[in-house]
1. Name the residue, out of B:298, B:336, B:250, that is at pLDDT 85 or above and hydrophobic (A, V, I, L, M, F, W, C).
2. For the stretch B:287-302: of the residues being free of Cβ contacts under 8 Å to residues at least 60 places away in the same chain and either under 13 Å from residue B:56 (Cα atoms) or surrounded by 23 or more Cβ atoms within 10 Å (Cβ to Cβ) (or both), which is farthest from the other protein chains (Cβ to nearest Cβ)?
3. Taking helices (runs of 4 or more DSSP H) that fall entirely within the stretch A:153-229, which contain at least 3 residues that are within 17 Å of residue A:48 (Cα to Cα)?
4. I'd like to verify a number: residues in the stretch A:49-85 that are away from chain B (no Cβ under 14 Å) and crowded, with 18+ Cβ neighbours inside 10 Å, how many?
5. State all residues of the stretch A:228-238 that are farther than 13 Å from residue A:61 by Cβ and touching a residue at least 60 places away in the same chain (Cβ under 8 Å); if no residue qualifies, say none.
6. Quick check on residue A:294: is it closer than 13 Å to residue A:35 by Cβ, part of a helix (DSSP H, G or I), out of contact with any His (no Cβ under 8 Å at 6 or more places or on another chain) and aliphatic (A, V, I, L, M)?
7. Looking at (1) part of a helix (DSSP H, G or I); (2) touching a His at 6+ places or on another chain (Cβ under 7 Å); (3) not aromatic (Phe, Trp, Tyr), can you tell me which one residue B:124 breaks?
8. Just checking, which of B:75, B:138 is within 14 Å of chain A (Cβ to nearest Cβ), assigned to a loop (DSSP other than H, G, I, E, B), in contact with a Leu (Cβ under 8 Å, 6 or more places away or on another chain) and modelled with pLDDT of 80 or more?
Amino acid sequence: MLYNIFIDPFMQMGGAPDLLVQTLWEGLVSGVLYALIALGFVLIFKASGVFNFAQGIMVVFAALTLVGFHEKGVPAWLAVILTLGVMYVLALAVERVVLRPLVNQPDIILFMATFGLTYVLIGIGEFIFGGEPKQMIAEQLFLPRGAIDVSMLGGRVTFQKIDIAAAVIASVMIAALAAFFQYTRIGRALRAVADSHKAALSVGISLNQIWAIVWFAAGIVALITGIMWGARSEVSFGLDIIALKALPVLILGGFTSIPGAIVGGLIIGVGEKIAEFYWGPLVGGGIENWIAYVIALGFLMVRPQGLFGDKIIERI
Amino acid sequence: MFYREAGQFKKTYSADMAVFPILQDRIGIAVILFIAAVVIPLTGSNFFISSVMVPFLVFSLAAMGLNIVTGYTGLISLGTGAFMGVGAFACYKLTTIFPDVNIIIWILASGVFSAAIGAAFGLPSLRIKGFYLAVATLAAQFFLEWCFVRVPWLYNYSASGAIQVPQRTLFGVAITGANATPTTRYLVLLGIVVLMTWVASNILHGRVGRTFMAVRDMDIAAELMGIRLLPAKLTAFALSSFYCGVAGAVMMFLWYGGGEAADAFNIRQSFNILFMVIIGGLGSLIGCFFGAALLNIVPIILKFGLPAIGLAIGSETAEHINHLLVGGLIIFFLIVEPHGLARLWQITKQKLRTWPFPY
């Protein structure tokens, strides 16, 4: 028994390094996608302190809108722009209808409001686009297809081109976001709001405007995530379960840290794939569903604010 | 006009601290109990009882469980569905291993198993707070959900993985299984819910409940005042899971009558119950009933009410509108009254007391 748990999996890893590389790669790719969703969460949490449960459904909603526009005969590039427009309107609407009346309410109330938003978005999305899964328009968006086989370590490792594209696009987007935060006027305002709402207000930054911008930014992140995720599988509301997968990523990285979201995403992605592949068979498989939470819980017990989170200071 | 407390003088401390200090409230609760226990079983159709009242009572009980930990102690839990599942499976195993013991005893005892598991998963709450804890309870939800599917011992190795609720009797009348009439099930359920509400009310108004609320309001301050956080938080988790476990057991035995349990106790169920607690009102027992009633009635009206008045909508469209409405309602109630329906009810009572000369 102990042998099976502590020694055998490592023997397998050593025995077939190509399989290990393949598993690591799959883990990294799903980790990147988790990180992207977590990124949307972090953006909103930093700027408004709202724990946005609706991020996962925004991913689905954005992807569905994109596909929906394309099905109506709109060319792909225009569909992307129109979808961005929809996400902007959504951001404005959320800020005006949900956030503004609830300003200064306790965290859990805002959290629940985003729950309500999740349901509204599911309802609207199903109402307009129907409940059946859709195909992502990967080719029209010039996303590569097929796979590259690489011989290495005495075996063959398959890299899907779409996965490589996802990793590249995600890195570019994260770099762009970092630059946006660091060097632009709005980015500086966003960081000011994240530091302190009151101080930001006192130097003339409009909170409402910032919130709309940050929800729009989260909407863009959601659209890109949706395209990537949709291209790997299909676009359906079943995807909202991935939002739940982003939660352990978040707590692992800390709610307020963008690097945390990325590192956390990678750790969770790799961890759950490796665990499923090497330890899953011991208990009958399917542990992918909960191992992420257990990993995150393990980290939390050591660092209650996550790996990169701000230190929690409690006062009376 | 009729809701006045003029002339009702409290002569003792306990009369002043009573749960229903005003005579009209006591009359009101007696009338409600009378309607629930006599009028509805006599006049309600089988459909009304089995698809409106029974789910309403089951969810009220589950919401009460979640409210103890989230509303009264301030620890967000997203594992309600799983804790309900533990209760259902515990009850199933107990009644198949010891078939001669009365099912009511097993339904209540299954809560104990749920409480033990809930307390175990509540352990991280000492170190982890707020949303971080919410995610930690998700670990419980997904892990237990996985167990319900992967541990065949739980469902007695049946090929489909479904629970078959056996027939059990109370005083010679079938109360579970295929032969039990909806009315009997309803009455048994009502008895359990009334009993457990009464117990919960007493616990929460007493020392234990005050401890919970102190922890909710600020746990460091509570600790400084001499409340030991570990026992307080674990008691909250255990008590909450006890209620959830009983709710799960009655859900399986008195409502579903069997089926694939893993589906019934998934993460959506947890969210559903969280909605009830939030809409009903955090930290309020009556709010649990309000929330459960509202979230139960909306889908039923959409499903059966609209076709009845001539608006025929497909079941799929009804499902979509249901999502839309529930989401909209959540946002609406949060904006109008973040403290839920229970607070609205309090405001209404206050208005009634001063009507028609409000000051």
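1. One residue alone meets the criteria, B:250.
2. B:290
3. On the way: elements: A:161-183, A:185-195, A:197-202.
Passing ranges, in order: A:185-195, A:197-202.
4. Selection size over the stretch A:49-85: 12.
5. Passing the criteria: A:228, A:231, A:232, A:234, A:238.
6. Here the answer is no, as residue A:294 does not meet what is asked.
7. Result: residue B:124 passes all but (2).
8. B:75
The values are calculated or read from the model by the stated rules, or taken from the named source; none is laboratory data. Nothing here was measured: the structure is a model prediction, and the numbers come from that model. No Cβ is skipped: glycine too gets one built from the backbone with ideal geometry, and neighbour counts run over all protein chains shown.
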